[in-house]
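Report on one structure; see the data block that follows.
Each value in this text was obtained by applying a stated rule to the coordinates, not by laboratory testing. Here the structure is a predicted model, which is why all the values come from computation and not from measurement. Reconstructed Cβ throughout: ideal geometry from the backbone, glycine too, with neighbour counts over all protein chains shown.
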Amino acid sequence: MHHVRIASLVCGLWLCAGAATAANEGPSAGECFSTAFKAGDADAVAACYAEDGIIWFPGGPMAQGRQAIRDGFAHFFTEMTIQDVVLTDIGHVMGEGDTRTAWGTYEIRGTDKATGAEVVQRGRYTDVSKRIDGRWLYVVDHPSDDPAPSAAK
């Protein structure tokens, strides 16, 4: 009887792990974004968003729809050569169906094309992604830059 319980427990855990793995198959929207952003490819970045996706650009306007999102990133990439981007997931929650909410921090390292100066942007993000046609895509993305350091007193 003890062996049956252990076998049942192992099978149950295996089924749960399989379901969790199936629910998380494929790269996340964040992984898609990081790869495309590092390449400085506005088309590939926009492809990480749902057709009707929304982003609030840090310190800038909201863009809705893949084309508007692409145009916003294309403008950014004309001014900056990207060296690296790191998204650090602080937490996430799987929603009903194929939705995921995530929050964390980001760091972008690049070079200003006009001045040659190294630029580091740090901030935080909250996003909602959804599995659409088998891919995780952002439906809402809200990154914001960290506040400027306080002046020394």
Charge sum, other residues only, whose C-beta stays under 9 Å from residue 30's C-beta, Lys/Arg counted +1 and Asp/Glu -1: -3
Inter-centroid distance (Cα atoms) of region 44-88 relative to region 93-112, Å: 13
Normalised per residue, the volume of the convex hull around the Cα set of region 28-145 (Å³): 86
Region 93-153: GluC sites (Glu not before Pro) falling in loop per DSSP and having at most 11 other Cβ within 10 Å: 96
